[in-house]
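Here's the structure we're looking at; comments come further down.
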Amino acid sequence: MRIKQLVASLMLAGLTGVTLVGCGGGSSTTGTNPVDDTVTLVEISGVAEAPGGAVAMFESQGFLYALGNLLVPAASAAITGLQPVTGAEVKLIYVDNNGEQVGEPLATATTSLTGTYQLSLPAGVDFAANLVVRITGNSGFTLDAQVVDTVVDINPFTDFLLDKLVASGTQLDTLATNEVVLLKGKFDEFDLTAGADMSEMLAILEQQAGQYLDSSISAVANGIGDASMVAGDYHFGEIGLELHDSVNASVGSFGGIVTRGGMSMTEISESELTIAMSYNLDVFYRLGFPGGGLYVENMLEEGDEFPVVVDGSKAIIAEWGFEEELGDDFGWRWLPGVLRMEAMADTGMYLAMVQEAAVRYELDGTGAVDPDARNGEEVRYSLLLAGKESTGMSNASLSGSYGVVGMAVAMDGSNNTVLAASQGVWSFDGAGGVSGAPQVVELERAENSAPVLHEIDDALSAAYTVGANGAMTLEDGVGFVANGGNAWALFPYSTAEAGGTITDLETGLTLGVKLPGSLPDLTDHSYRVTNLMVGHGATSTIITTLANASIRFNGDGTLDVEAGTLRGVERATDVASLQPVVETMGTLVANQSVTVGTNGAIDITAINDDGGELKLDGFVSADGKLLVLRAVWSEGDNKDVGVFIGALTTP
């Protein structure tokens, strides 16, 4: 996770592309709007623009490079900018909370040859988040902008913002106009000077910037929080997976990070904290293709310190802007990102999905980034878990049966990988001993080969320790116990060496929850879900996560899985260029089955229309606050494994 050059207010705008053709006559900028001459009316004006459709440029440069050049343009780059939309009818309308027009247009205008327009607000109409100017293309596609100021430009960025507000369930008719101005102002901080086809560019921005914008809108909706409720000392761990490519598609790599340590959160104002992070493990690893072998780097540093804000949901939020990093051989330009740690009910635990992306460049003769010498692109998805430190804990704090799920990644110097996900019941004796029978699904893959799936009934017998502050160890795993012993998390890491060289590496994430003694009543229980999946096809590799996902248990023995939006990155072969993954998943209801066992065991199967099967099996905690599930996806040669982590939101 990159926590550098944090800024208090940055947001990545949405880019889309479409050619809009107006259905009106001339290019007048005067709006038609009958008014009372005795009333002084407010005039609004702006420029309507859309991308010029630079798809060829986009595909040849790589999706992150194109996006990076939009925001940090190379001095010699010839980049096509947004083009004026001419002769288009501009309608002033009210919209409902779904973004649909309400009533007849209040006023209209037509854009000029330079895309400008001007119209007056009718008497009694004032700035509002649900007051919109809209232009419509000949294909029926629309671009919208909210009227919250006298200057209202209409472009893909303003349209993306309104779409995000609608998708988040924002009540537009009560949203303060100054909040919209703030969100739009964050867009304006970026030098967005290029565009591409609508669908492709929107997919890229959703994949790279969707989380960033979702977080900012959520912060607006939740308001200011109480930092004193969050301050304290925490354990934390992070597991990240990443893909790299090269500009000529000759080499690639698959790897990740594992980080463990502690963080101290100190209150500095009503809603602000300072986080000081210390590390006891910080490792980057990767396999190089073709035949590049295993590379492992210990990046252990003294620590980081940065400010964060707390919102009304007790989420902890930090954002960072563009950063340029220089190495010995390459330089990187990192895109803006966000750390949003969501409170996991009132367990004292926090969970974050962190998305990071960079364009890699060669250096010039002075050791600076050469913007004309792109070397490749890198994308990482990470799960970060933190738990508040306790007092007076010991081995006795873990006793009885726990439902356990986990995911793991193993690599060796011969370019073999094993991706695994497990679930099972572990029994802690309260005196330092634990046993269990994990059920493991493994995807074993050699370079340039299709994955082979193995199902293994494993056995566990090991020693564990729990320190007074909740620090936990078990075999190669280091982590923490939280929520009074009702939950724990481990971040295993191990290597093997030969002749001083690391030949094998294994790391992962393991989560446990205390199991109930009888069948839990989950009626009307809803859980916010965060996940991480990784998989292989016949030649491909993919990393994905779900945004805005949830699971709701209904009273009739069924459940609703709201899968939200799938975001990720994939590569068709070990050396192919990276491609964004974006898909609106919606609610998974067809061909779905669910069982809940007396010990809190949960088994969910959903099958899509193409025959793909998602199997989720795991456990709900005894107090009903947490849900941990192993995930296995299978469709033809494509197989993915991972974990789903749920935090209770209702009741």
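The values are calculated or read from the model by the stated rules, or taken from the named source; none is laboratory data. Predicted model only: the values in this text are computed from it and were never measured. Here Cβ is always computed from backbone atoms with ideal geometry, including for glycine, and neighbour counts include all displayed protein chains. We work out accessible area using only protein heavy atoms, side chains counted, and drop any ligands, DNA or RNA first. Shrake-Rupley method; radii C 1.70, N 1.55, O 1.52, S 1.80 Å.
Could you please give the count of residues in region 375-396 that are touching a helix residue (DSSP H, G or I) at 6+ places or on another chain (Cβ under 8 Å) and either open to solvent by 30 Å² or more (accessible area, probe 1.4 Å) or in a loop (DSSP other than H, G, I, E, B) (or both)?
2
Can you find a residue that is in contact with an Asp or Glu (Cβ under 6 Å, 6 or more places away or on another chain), assigned to a strand (DSSP E or B), open to solvent by 10 Å² or more (accessible area, probe 1.4 Å) and over 18 Å from Thr595 (Cα atoms) anywhere in region 637-644? Break it down stepwise before answering.
Quick first cut of region 637-644, residues in contact with an Asp or Glu (Cβ under 6 Å, 6 or more places away or on another chain) only: none.
No.
Are any of the residues in region 532-550 without any contact (Cβ under 8 Å) to a residue 40 or more places away in the chain, crowded, with 22+ Cβ neighbours inside 10 Å and assigned to a strand (DSSP E or B)?
yes
Could you count how many residues in region 607-634 are open to solvent by 10 Å² or more (accessible area, probe 1.4 Å), in a strand (DSSP E or B) and within 15 Å of Ala563 (Cβ to Cβ)?
5
I want to confirm something. Restricting to region 397-426 and keeping residues that are out of contact with any Leu (no Cβ under 6 Å at 6 or more places or on another chain), within 26 Å of Gly537 (Cα to Cα) and polar (S, T, N, Q), which single residue is least open to solvent (accessible area, probe 1.4 Å)?
Out of the qualifying residues, it is Thr417.
Any idea which of (1) out of contact with any Asp or Glu (no Cβ under 7 Å at 6 or more places or on another chain); (2) in a strand (DSSP E or B); (3) open to solvent by 60 Å² or more (accessible area, probe 1.4 Å) is the one Thr598 doesn't satisfy?
Unmet for Thr598, out of (1) out of contact with any Asp or Glu (no Cβ under 7 Å at 6 or more places or on another chain); (2) in a strand (DSSP E or B); (3) open to solvent by 60 Å² or more (accessible area, probe 1.4 Å): (2).
Going through region 473-497 one residue at a time, which ones are free of Cβ contacts under 8 Å to residues at least 60 places away in the same chain and more than 23 Å from Asp623 (Cβ to Cβ)?
Within region 473-497, Thr473, Glu475, Asp476, Gly477, Ser494, Ala496, Glu497 meet the criteria.
Looking only at region 556-576, count how many residues are at pLDDT 85 or above and open to solvent by 50 Å² or more (accessible area, probe 1.4 Å).
So the count comes out to 3.
Scan the strands (runs of 3 or more DSSP E) fully inside region 299-374 and keep the ones with 2 or more residues being in contact with a Phe, Trp or Tyr (Cβ under 6 Å, 6 or more places away or on another chain) and within 30 Å of Asn248 (Cβ to Cβ).
Details: elements: 304-310, 316-320, 323-326, 330-334, 337-343, 349-363.
In region 299-374, 323-326, 349-363 are the strands (runs of 3 or more DSSP E) which contain 2 or more residues that are in contact with a Phe, Trp or Tyr (Cβ under 6 Å, 6 or more places away or on another chain) and within 30 Å of Asn248 (Cβ to Cβ).
Within region 348-384, work out how many residues are at pLDDT 90 or above, within 17 Å of Ser577 (Cβ to Cβ) and among the β-branched types (Val, Ile, Thr).
Of the residues in region 348-384, 1 are at pLDDT 90 or above, within 17 Å of Ser577 (Cβ to Cβ) and among the β-branched types (Val, Ile, Thr).
Consider Ser246 against the criteria (1) open to solvent by less than 30 Å² (accessible area, probe 1.4 Å); (2) part of a loop (DSSP other than H, G, I, E, B); (3) in contact with a helix residue (DSSP H, G or I) (Cβ under 8 Å, 6 or more places away or on another chain): it satisfies all of them except one. Which criterion is unmet?
Condition not satisfied by Ser246: (3).
Okay, residues lined up against (1) of a type in the set (A, V, I, L, M); (2) over 17 Å from Ile275 (Cα atoms):
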residue	(1), (2)
Trp320	no, no
Glu324	no, yes
Phe330	no, yes
Arg340	no, no
Ala345	yes, yes
Leu351	yes, no
Val354	yes, no
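Kindly establish whether Gly564 is without any contact (Cβ under 8 Å) to a residue 24 or more places away in the chain and over 18 Å from Gly600 (Cβ atoms).
Yes.
Does Val581 satisfy being crowded, with 23+ Cβ neighbours inside 10 Å and either among the basic types (Lys, Arg) or under 30 Å from Val251 (Cα atoms) (or both)? Please lay out each step first, then the result.
Details: crowded, with 23+ Cβ neighbours inside 10 Å: no; either among the basic types (Lys, Arg) or under 30 Å from Val251 (Cα atoms) (or both): yes.
When the stated conditions are applied, Val581 does not pass them.
From Gly470, Gly436, grab the single residue that is within 26 Å of Pro516 (Cβ to Cβ), of a type in the set (Gly, Ala, Ser) and in contact (Cβ under 8 Å) with a residue 60 or more places away in the chain.
On the way: Gly436 fails: in contact (Cβ under 8 Å) with a residue 60 or more places away in the chain.
Unique residue meeting the criteria: Gly470.
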